[in-house]
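**Q** One structure coming up, written as C-alpha cells, with questions to follow.
All of the numbers you see were taken from the coordinates with simple rules; none came from a lab. A quick note: this is a predicted structure, and the numbers were derived from the prediction, not measured. Please note: Cβ atoms are built from the backbone with ideal geometry, for glycine as well, and neighbour counts cover all protein chains shown.
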Protein chains: 4
Amino acid sequence: MYDIQERIAISFKSQGLMATIDAQLVLIAEGEVHIELPFSAHLSQQHGYVHAGAITSILDNACGYAALTKAPPGYEVVTAEFKMNFMRPAIGERFLAIGKVQNSGKLLTVCTGEVRALSGTIWKVIAMMQATIVNVPV
Amino acid sequence: MYDIQERIAISFKSQGLMATIDAQLVLIAEGEVHIELPFSAHLSQQHGYVHAGAITSILDNACGYAALTKAPPGYEVVTAEFKMNFMRPAIGERFLAIGKVQNSGKLLTVCTGEVRALSGTIWKVIAMMQATIVNVPV
Amino acid sequence: MYDIQERIAISFKSQGLMATIDAQLVLIAEGEVHIELPFSAHLSQQHGYVHAGAITSILDNACGYAALTKAPPGYEVVTAEFKMNFMRPAIGERFLAIGKVQNSGKLLTVCTGEVRALSGTIWKVIAMMQATIVNVPV
Amino acid sequence: MYDIQERIAISFKSQGLMATIDAQLVLIAEGEVHIELPFSAHLSQQHGYVHAGAITSILDNACGYAALTKAPPGYEVVTAEFKMNFMRPAIGERFLAIGKVQNSGKLLTVCTGEVRALSGTIWKVIAMMQATIVNVPV
C-alpha cells in the first residue's frame, strides 16, 4: 500500500482541477479513497450552492483512485463511465467524497461512491455514484 | 424564447463555477443549448488533459438549460441524475458541450448530450450523457 | 407495513412477466424488498447463463417495491430510470435481487440494489443497480 | 457482414429468453441492430403494459449485437453496464428496439438505443439506453 499511496498522492497533486477547486486527498485505503472539498462561491451554481460538476469531480477522483489501489502492477486506470444521482442541494461548509471498490476484475473495476455535505458535526449524503473504471497498461 | 434566453443567460452568469473554469454559453435554442470551454492547465487531470469533472460540468449545464427551455412557466429545473460515458481523452483547444431534450413531460425531462473536442477545424466526440431533469416550482 | 405488504404481494401477482420467469417475492421490509428467481434454460442468453434482461427484471421490481414501501399514502411508483453494472455471468441455481431505498423525497426515491447468484450455500454479487423512482398519485 | 449476420442470427436463436418472450431479430446492419417484440400479457407489469424488464431485454440485445458487428475478429461481446430511461408506459401492439454503435474502441464499445412502441402506423419512443460493451476474446 505504501507505493500506491505515494503514487496516488503524486497523481492527485498533478491534477490542475483539484488545485483550482481546492480539493484535498484525505484518506487512501485498500479499495477506498476519500477526497474533501471546502465550500467556495467560486464553485457555485445559480443558487449559490456547490455545482453538481464540482461534486462529481471529487467523487470521480475518489472512485478512480480507489480503483487504482486494486489495479494490477504496471497498470493505471481510466474512468469509462459513471452515473450520478443528486438527492439534495450541495449545501454545507465542506463536502466529503467517498469512493469504494465493489468488484475488481482483470479489466474492469466497479465502484460506488457518495458525497456527504458537512455542516458542523452533521452530515447528509447529497449524491451517489456507480462507476466503471478500466485498467490500462501504463 | 426571448425571455427564456435572457433567463438562462442570467442564470449562467450567476454560476461561480462557470466563471472559474471560463466556460461560455454559446447557443440557446428550443430544446438545445451549447456551452464552450477553452483548454486550460487549471482544469487538467494527471496527464494534462481536461478533467472528466470539467467536461461533465459543462455538459450537465447544457442539458439542464436545454431542459429549462421546455419547462412549464413558473418552473425551474434540477438535475436528478445523469450518466456519462468517456470515449476519448479530453485533448483539444476547445470543448463544445451540446445538450438536447429528448422528451419533456410535466414532471421529468430526459436529455442527451455530447462533448466535442475541437482541434483547429477537426472535432471528435469525447463524451456522452443521458440525463433526467426535474421540473420544480420556482 | 401490513397494508403495504399486501398491496405489494397483489401487485407482484398481477405481473405477467414475474409468472413467466417464475420469480418469487421473498421479503418485504421497510425500504427493502427481495425477489428470487430460479435458474431456467428458458431465461438463458447465448452461453446458457441467465440473460441480463431477466436479472434486470427482478432487480427493477425489487427496487420499485422497496420504493413503494416509502411512498406517501395515495401514491404509486414508476421507474424513471436505472443503471445496471454486470460484474459476473449469471451462473447459479437461484438468483436473489435485493432492492434498498437510499433516499426518499416527496417526488423521487433513489434506490440501490444487487443481484446475488446462489450455488449451494455460496453466493456472489453478479450485478448492481442505481435507480430513480417517481411517486405518482394513484 | 455476411458472416457476422449469420453469427448473430445463430446467437440470437440460442437465447432461451428471446424465445420465451417471442422476440424477433429483424435487422442487422453495420453498427445497428433491430429487435421486435409483440405485446403479450405474459410480459406485463401490474397495469397490463409490457414490463420494463422485457423492454430492457430486447434493447440490451440490440445494443450488444450492434457492438458485435464492430468487434475485432476472434472477439465476442459482453455488456459491462447500461442505463435506461423510461419515458412512457410500454403500451402498443409491438415494440421495436434499435441499438446503435456510437464509438467502438479496441476494448470498449459505447452504444445508444431506443425502444419504440408501435400502434398501427404510429410509433413513440418509450425508452432510451446508453450502454458500455466489452470485447472479449472468444
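**Q** Looking at segment D:114-127, can you tell me whether even one residue there is within 11 Å of the chain's Cα centre (by Cα) and crowded, with 21+ Cβ neighbours inside 10 Å? Working first, answer last.
**A** Initial filter on segment D:114-127 (within 11 Å of the chain's Cα centre (by Cα)): D:114-115.
If we keep only those that are crowded, with 21+ Cβ neighbours inside 10 Å too, we end up with D:115.
Scanning segment D:114-127, I find at least one residue that is within 11 Å of the chain's Cα centre (by Cα) and crowded, with 21+ Cβ neighbours inside 10 Å, so the answer is yes.
**Q** While we're on this one: Quick one: in segment D:49-68, which of the residues that are touching a helix residue (DSSP H, G or I) at 6+ places or on another chain (Cβ under 7 Å) and of a type outside the set (S, T, N, Q) is farthest from C:N61 (Cα to Cα)?
**A** D:L68
**Q** I would also like to ask the following. Going by the structure shown, is A:T56 without any contact (Cβ under 8 Å) to a residue 60 or more places away in the chain, facing another protein chain (nearest Cβ under 8 Å) and of a type in the set (S, T, Y)?
**A** On the way: without any contact (Cβ under 8 Å) to a residue 60 or more places away in the chain: no; facing another protein chain (nearest Cβ under 8 Å): yes; of a type in the set (S, T, Y): yes.
So A:T56 fails the test.
**Q** May I ask you to list the residues in segment D:26-64 that are within 22 Å of D:P89 (Cβ to Cβ), crowded, with 24+ Cβ neighbours inside 10 Å and among the small types (G, A, S)?
**A** D:A52, D:G53, D:A54, D:S57, D:A62
**Q** Let me ask something else about it. Scan segment C:93-112 residue by residue and report those that are hydrophobic (A, V, I, L, M, F, W, C) and under 19 Å from C:V50 (Cα atoms). Please lay out each step first, then the result.
**A** Step one: filter segment C:93-112 for residues hydrophobic (A, V, I, L, M, F, W, C), giving C:95-98, C:101, C:107-108, C:110-111.
Scanning segment C:93-112 gives C:F95, C:L96, C:A97, C:I98.
**Q** Are there any pairs, at least 6 apart or on different chains, whose C-beta atoms fall under 7 Å, with the first in segment D:78-91 and more than 7 Å from chain C (Cβ to nearest Cβ) and the second assigned to a loop (DSSP other than H, G, I, E, B) and among the hydroxyl-bearing types (S, T, Y), and if so, which?
**A** Final answer for the pair search is D:P89/D:Y49; D:A90/D:Y49; D:I91/D:Y49.
**Q** When you go through (1) within 30 Å of C:L108 (Cβ to Cβ); (2) touching a residue at least 24 places away in the same chain (Cβ under 8 Å) one by one for B:L96, which number turns out not to apply?
**A** (1) is the only condition that B:L96 fails.
**Q** Can you find a residue in segment B:7-25 that is more than 20 Å from A:H51 (Cα to Cα) and surrounded by 15 or more Cβ atoms within 10 Å (Cβ to Cβ)?
**A** To start, the set of residues in segment B:7-25 that are more than 20 Å from A:H51 (Cα to Cα) comprises none.
Looking through segment B:7-25, none of the residues is more than 20 Å from A:H51 (Cα to Cα) and surrounded by 15 or more Cβ atoms within 10 Å (Cβ to Cβ).
**Q** At least 1 residues that are within 24 Å of A:L37 (Cβ to Cβ) and not aliphatic (A, V, I, L, M) in each: list the strands (runs of 3 or more DSSP E) lying fully within segment B:5-96 that qualify. Lay out the reasoning, then the answer.
**A** Working: elements: B:24-29, B:32-38, B:75-86.
It comes to B:32-38, B:75-86.
**Q** Being basic (K, R) and within 14 Å of chain B (Cβ to nearest Cβ) is the filter here, so list the residues in segment A:61-77 that pass it. Give the derivation first.
**A** Start the filter on segment A:61-77 by keeping residues that are basic (K, R), which leaves A:70.
Correct list: empty.
**Q** Further, regarding this structure: Taking the residues in segment C:1-34 that are within 11 Å of chain D (Cβ to nearest Cβ) and in contact (Cβ under 8 Å) with a residue 40 or more places away in the chain as candidates, determine which candidate is nearest to D:A62 (Cα to Cα).
**A** The selected residue is C:L17.
**Q** Moving on to the next point. Can you list residue pairs whose Cβ atoms sit under 9 Å apart, with the first residue in segment A:102-128 being more than 8 Å from chain C (Cβ to nearest Cβ) and the second being surrounded by fewer than 17 Cβ atoms within 10 Å (Cβ to Cβ) and among the aromatic types (F, W, Y)? Count only pairs 6 or more apart in sequence or on different chains.
**A** A:R116/A:W123; A:A117/A:W123
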